[in-house]
Amino acid sequence: MTGGERRGEDGSGGARERGQPGKPDQRAPAAPTSIAELTPAWCTAALAPLIAPARVVSCTAHPIGTGQVAGTYRLHLAYDRPGAGPPTCVAKVPSSDKSSRVAAAVTRSYEIESGFYRDLAPSLPVSLPACHHSAFDPATGACAVLLEDLAPARPVDQLVGCDADQLGGAVTELARLHGAYWADPDVARLSWLPHTDRSSATGMAGLATASCRRFLRRYGDRLDPDVAELAERFPPDVAGYLLHRPGPRTVVHGDFRADNLMIRDGRVTVVDWQTVAHEPGVTDLAYLLGGSVRSEIRREVEGDMVRLYAEVLRGAGIAVDADACWADYRRYALGGLLMAIVASALVVRTERGDGMFVTMANRHGRHALDLDARALLPSRV
C-alpha cells in the first residue's frame, strides 16, 4: 500500500517482538502420507506435548469440508485417561487424489501451511484454530496439521456470499493479520514463505495462458460475456501485473474468501492457510470483497470496507494513505479472476467446485470491470 509504514510501539519503526520459529519435537512422529497413518500411536506422539503421560487408545477419522488440495478429516479420539485431551480435532493430510497432490507440490501448499502454523500462527492477533501439531517432509511431500475442532462454528458459503456483518468482521481480522507483520524485514527471511519474483511471475503468466484455454472451454458459456472477454485478454498482462505491485509487503492469506471463514461466538475465524505469501496486503482485501459478496452488495459497501481496513491498520500503529489504499484496491481487483482461472486447472474437478469457480470468475471479473482495473496495469514485460 503506497504511503504506508510500520511503526513500532515506541514509534521508531522497530519490528514487533515475537517468538522464534518452532523446533522439531524429537518425539514427534514422521509426517504421514495419508489418513491411514494417523493411528492411535501416531496421534499419541503428535499430541504428546498436550496430553502426556496419557495415550490415545482409539482414533476414528471422518472426511469433512470441501477442500480440493488437502484431505481434511475430523478425528474422534479416546484416551487411556478420560479427558486428557480434546475429544476431536481436525487433521489436514495429503489428498487421496493424485492431481491434487501434484497441485500441492507445484504450489507448495503443504509446506506453506505447516510453516505458517509452526512459525507465525502462535503470535498472530487473529482468530484462527489452535494448532496441536504441524509437520512437513520435503523429501516425500508428507504432511500433517492437527488443529482445534471449531465445531459447532458455522461456515460461510462462498456461493451465497457474506452478509454485511460477516464482511465487516472478515475485514477486521484481515487488517489484524496484515498489521502484525507490516513491512517486517524478519518475516521476509522465512525460507518457506513465497514472494513474487520475475521467475515466479513469468511462470504464473505461462500457467495462466495455458489454464485460460481450458477454463473458457469448461465455463465460457456460464460466464458473463464481458467477463469471458476480460479473462481471455488478461493472461498476456499477468507477468507485469504480478511484478509491479507497489507498497510495503506483509504476510497475506492468499485465499481470503467466504469458504475459508467460520463464524464462532459471533466472530469471524479464518482457516485454510495453504496460500500464505509475502505480498502487499490489499491483494487480500480486493480478493475478499471481489469474490465473497454479491456484486450489488459489494458496490454499496466497498468504500466503507476499504476505510475500515485502513482504520484497523492505523489502530495497529501503521500510517496508511487512504487514496493510495483505494488505488491499490482497484489495481488488485484482477487477482481473483487470475485465481479462478489457474486454480480451476490445478485441482480435482467437482460439481460444487465448478459452481464456485464460475461464481468467483463472474464476481471478480465484474469487480475488475466496475473499477476499470486494467487501466492500472503496467506495460507488458
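The numbers here are math on the coordinates, done by the rules we state, and not lab data. Quick caveat, the model's predicted, so the values are computed rather than measured. Here the Cβ is made from the backbone with ideal geometry for all residues, glycine too, and neighbour counts use every protein chain on show.
Below is a table of values for the structure above.
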| quantity | calculated |
| --- | --- |
| Low-density loop cleavage sites - trypsin sites (Lys or Arg not before Pro) in the range 269-299, where at most 15 other Cβ are within 10 Å (DSSP) | ARG294 |
| SER123-ILE297 pseudo-label distance in nm [points 7 Å out on the Cα-to-Cβ vector] | 3.6 nm |
| Residue range of the chain that is longest and free of GluC sites (Glu not before Pro) which are both DSSP loop and sparsely packed (at most 12 other C-beta within 10 Å) | 18-381 |
| Degrees, to the nearest 10: 295-315 long Cα axis against longest axis of the chain | 70 degrees |
| In order through the range 90-104: 3J(HN,Hα) via Karplus (6.51 cos²θ - 1.76 cosθ + 1.60), integer Hz, x for Gly, Pro | 10, 10, 10, 9, x, 5, 6, 8, 4, 5, 5, 5, 5, 4, 5 |
| Calculated FRET value between THR39 and ASP354, using beta carbons and R₀ = 41 Å, to 0.05 | 0.70 |
| HN-Hα J in Hz across the range 149-159 - Karplus 6.51, -1.76, 1.60, θ = phi - 60°, x for Gly and Pro | 7, 7, 4, x, 4, 9, x, 8, 9, 4, 5 |
| Semi-axis lengths (Å, descending) of the ellipsoid that matches the C-alpha gyration tensor of the range 299-375 | 29, 14, 11 |
| Angle in degrees between helix 282-291 and the longest Cα principal axis of the chain, rounded to the nearest 10 | 90 degrees |
| The range 117-153 and the range 299-361: distance between their alpha carbon centers, rounded to Å | 24 Å |
| In sequence order, calculated HN-Hα J values of the range 365-378 (Karplus, 6.51, -1.76, 1.60; Hz; x Gly/Pro) | x, 5, 4, 5, 5, 4, 9, 6, 5, 5, 5, 9, 5, x |
| Interatomic Cα distance distribution for the range 255-349, bins of 5 angstrom, percent | 2, 11, 19, 25, 22, 13, 5, 2, 0 |
| Long-range amide H partners of TYR79 with built H, under 5 Å | VAL57 |
| Inter-label distance, nm, simple model (7 Å from Cα along the C-beta direction), ARG213/ALA188 | 3.8 nm |
| Computed [θ] at 222 nm, helices only, for the chain once each DSSP H run of length n ≥ 4 contributes -39500 (n - 2.57) | -12500 deg cm²/dmol |
| Cα→Cβ-extended label distance, 7 Å offset, between ARG81 and SER200, nm | 4.4 nm |
| For the range 172-200 versus the range 55-105, the gap between their alpha-carbon centres in whole angstrom | 28 Å |
| Acute angle (nearest 10 degrees) that the helix 335-346 long axis makes with the longest principal axis of the chain, alpha-carbon atoms | 50 degrees |
